[in-house]
1. Residue pairs, Cβ under 6 Å, 6 or more apart or interchain, first in the range 430-450 and more than 15 Å from ASP363 (Cβ to Cβ), second not in a helix (DSSP H, G or I). List them.
2. What pairs come up if the first residue lies in the range 116-140 and is within 19 Å of LEU163 (Cα to Cα), the second is of a type in the set (Asp, Glu) and not in a loop (DSSP other than H, G, I, E, B), and their beta carbons are under 8 Å apart, counting only those six or more places apart or on different chains?
3. Just need a number here: residues in the range 305-323 that are modelled with pLDDT of 75 or more and open to solvent by less than 90 Å² (accessible area, probe 1.4 Å).
4. So PRO265 fits all but one of (1) surrounded by 12 or more Cβ atoms within 10 Å (Cβ to Cβ); (2) farther than 20 Å from CYS306 by Cβ; (3) modelled with pLDDT of 80 or more; what number is the exception?
5. Can you name every residue in the range 219-232 that is at pLDDT 75 or above and touching a helix residue (DSSP H, G or I) at 6+ places or on another chain (Cβ under 9 Å)?
6. Any residue at all in the range 339-362 that's open to solvent by 70 Å² or more (accessible area, probe 1.4 Å), touching a Phe, Trp or Tyr at 6+ places or on another chain (Cβ under 8 Å) and not assigned by the TED database to the domain that holds ASN446?
7. Answer yes or no: is there a residue in the range 168-188 that is open to solvent by less than 20 Å² (accessible area, probe 1.4 Å), under 30 Å from ALA233 (Cα atoms) and without any contact (Cβ under 8 Å) to a residue 40 or more places away in the chain.
8. Run GLN371 past the list (1) in contact (Cβ under 8 Å) with a residue 12 or more places away in the chain; (2) more than 24 Å from the chain's Cα centre (by Cα); (3) open to solvent by 40 Å² or more (accessible area, probe 1.4 Å) and report the number of the one that doesn't hold.
Amino acid sequence: MDSEEDDYSGDTAVEYSKDDGDGYDDGDYDSDNASSSRRQQNYIALKEADIRERQENEITTVSTVLSVSRADASILLRHYHWSASNVHEVWFADEDGVRKAVGLLESPVVRFPNAKELTCGICFESSPLDGISSAACGHPFCDECWRAYMSTSINGGPGCLMLRCPEPSCGAAVSQDMIDRLVSEEDKERYARYLLRSYIEDNPKTKWCPGPGCEYAVEFVVGSENYDCTEDAHRPVDCDTVAKWITKNSAESENTNWILAYTKPCPKCKRPIEKNHGCMHMTCRAPCRFEFCWLCLGAYSGHGQCNGYKATDEAERKKEMAKISIERYTHYYERWAANESSRQKALAGLHEMKTVNLKKLSDKQSQPETQLKFMTEAWLQIVECRRVLKWTYAYGYYLPEPEQVKRQFFEYLQGEAEAGLERLHLCAEKDVQTYLGREPPPTDFNDFRSKLVGLTSVTRKYFENLVRAFENGLSDVDSQGTSRGEASSREGGLGRDSDYHGSWGCDECTYFNTISLPTCEMCHQPRRILKRTRNE
């Protein structure tokens, strides 16, 4: 998990590489434009070494303050969710109660001072003292039985971290030192992994990165927003909307809607039937075998004409509503999934650019790879924009139908951002190929550079506006049901380049310029003002 953020990635790290387990490294991305508006980072990314170091520091602190062994300090911290302050508080309030609760005994319960051999409490075999082990309680068990007991517990999951003495009436804790001494290397490693993970999973302020294959953890600082959500980064869509969308995608409700929309019940046995041939003569499956007309659902024996119109009954109305519902869901889901697929392909394109094509371009253009950084920045922008665009379709699905003006404003912003992204993606994916092939390119490479850098900047600006509008709840739609851009268009006589957040959009390159500029900052085309006559 990388700690890079761009200007609209929000409070979570921009996961260009580890987010999807693809192993792509985005460490080269440090665009000046992006860094100028980054938000204050409210989390800390933790590597395994960082987690282990923090664990050791906590154990050392508790061991020193309470004057207990490191093994006992570890047991206390696990019981109190790795909070040294909580351990100190309860320990000094009631040391005896804490010892009893966690299984830390000050002295053995049983002693065998003069014995040369002891009988194992599990297998009841006698063993010499060097083959017998016990926890702090002193209950004797042979090493073989201890090893089997510990191995079974470790293989059973992280519950082994709270392992107690095998004696049924005893609650003495089994320390990590004892486990490390008796178990196999494989079990020892597994136990250490559970112990490491417990530091993150028992702490309400830390979470593992949900990216497949990522071993980083995230610690959230005070004041951060919802960190219970473990989905991939989904700004600007809120966590509740994402949770509803993910649930809907995996729920059986859509199967039910499909059955209702595209099948009809057999008039006799009521099982749903899908029409798979052209004629209207239907025969239900065995054992029913009822023959009926698909159109009117009447028995086919003696069936006459059924072309006369009859008023739609409640069942037909529900069927039509179900069909509309599933078509609407399909519209948003297809575009959500298509952008996720494009994002995955963009990650592959980024990887290819870094590992193969940058060197090719460097050789062909006689330029160092450091001067070709704009290529990777373009691909990183595409990856992030695909992620944002993907979640806008989930947002659109849950946007209330009655709010038509707000929906129109949303679809305008989404459409403009999507069009800009397509231009950038096409340029980075297709246009660059002319400079990688054997044939001489049709245009100068510097022209291509200017074009790609310009498209990257334009696309970033579009998505900044899109994210800003979403996070403001599309508040640019005023109480009269018009967007501020539309209102200024009517009042000031502006066309498509109307005022939006103090800017105007160029008709040529679609770049949003400061309202005071007479020409486009990107393509230098003059601003076009459409004069309209007002009907008084």
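The values are calculated or read from the model by the stated rules, or taken from the named source; none is laboratory data. Quantities reported herein were computed from a predicted structural model and do not represent experimental measurements. Backbone-built Cβ (ideal geometry, glycine too); neighbour counts: all protein chains shown. We work out accessible area using only protein heavy atoms, side chains counted, and drop any ligands, DNA or RNA first. Shrake-Rupley method; radii C 1.70, N 1.55, O 1.52, S 1.80 Å.
1. Close Cβ pairs (under 6 Å, with a partner that is not in a helix (DSSP H, G or I)) amount to THR434/PRO441.
2. Matching pairs, first to second residue: ILE132/ASP143; SER133/ASP143.
3. 1
4. Condition not satisfied by PRO265: (2).
5. Selection gives GLU219 alone.
6. no
7. Taking every residue of the range 168-188 in turn, none turns out to be open to solvent by less than 20 Å² (accessible area, probe 1.4 Å), under 30 Å from ALA233 (Cα atoms) and without any contact (Cβ under 8 Å) to a residue 40 or more places away in the chain.
8. (1)
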